[in-house]
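Here is the structure we will look at.
Nothing in this text is a laboratory measurement; each read-out follows from the coordinates by a stated rule. Everything quoted here is computed from the prediction, not taken from an experiment. Every residue, glycine among them, receives a Cβ derived from its backbone with ideal geometry; neighbour counts consider all protein chains shown.
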Amino acid sequence: MRARCATARRIACAALVAGSAAAVRAEMPIHVTYGFGDAFDVPFCGFEVRVEISGAAAWIGFLGPDGSVQRTIEPAAGPISAHLTRLDTGAVVDLHPSGPGMSEVGADSFTYVTVGPWLSFVDPRSGQEGIYLLAGRQTKVFTPTSFTWRFDGRVDDLCARLAAATPR
């Protein structure tokens, strides 16, 4: 009798684990890791700046019942490097804007949240174009008729740093 109960518990346990594993497999996210490198010039500082960004990131997507992406997590998969060069003087600023981002798709909205250091070409406090290192939490919400941007943190004006930097 004892052996039969133990066997029944093992079978029930195995069925529960198998069912849970199938449910987990059905909910498994899509995970993509990719390396990147890009260079481009921007005029936002009142002088030309070459921006070179390189590193590796991941994209983890969670699908809804219809197969569409409902939520993502976008962590750095190692350090992300940004090398800024003021083209007229050769002054350089190096930084590591490796903060993660997360997005969520709503019925009529798209929300993007980042934490940690991020490179931005708009100051979230003033809306002014430039080159900024944002350190904190930002939330961007896009709807068909509006855009809101909330930011709580520190803004480092990289144009000012490049203007004051000693040429190389």
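May I ask you to list the residues of region 62-77 whose amide nitrogen lies under 13 Å from a point 7 Å from Cα along the Cα→beta-carbon direction of residue 96?
Under cut-off, by backbone N: 76-77.
I'd like the distance separating the alpha-carbon centroids of region 148-168 and region 55-124, in whole Å.
17
Find the relative contact order for region 35-112 and round it to a whole percent, using C-alpha pairs within less than 8 Å whose residues are 6+ positions apart.
It rounds to 25 percent for region 35-112.
Going highest first, how would you order 148-158, 93-103 by mean Cβ packing within 10 Å?
Highest to lowest by the protection proxy: 93-103, 148-158.
Would you be so kind as to identify which of 120, 146, 135 lies farthest towards the positive end of the dipole of region 70-168, taking Lys and Arg as +1 and Asp and Glu as -1 on Cβ and the Cα centre as origin?
Looking along the dipole axis, the top candidate is 135.
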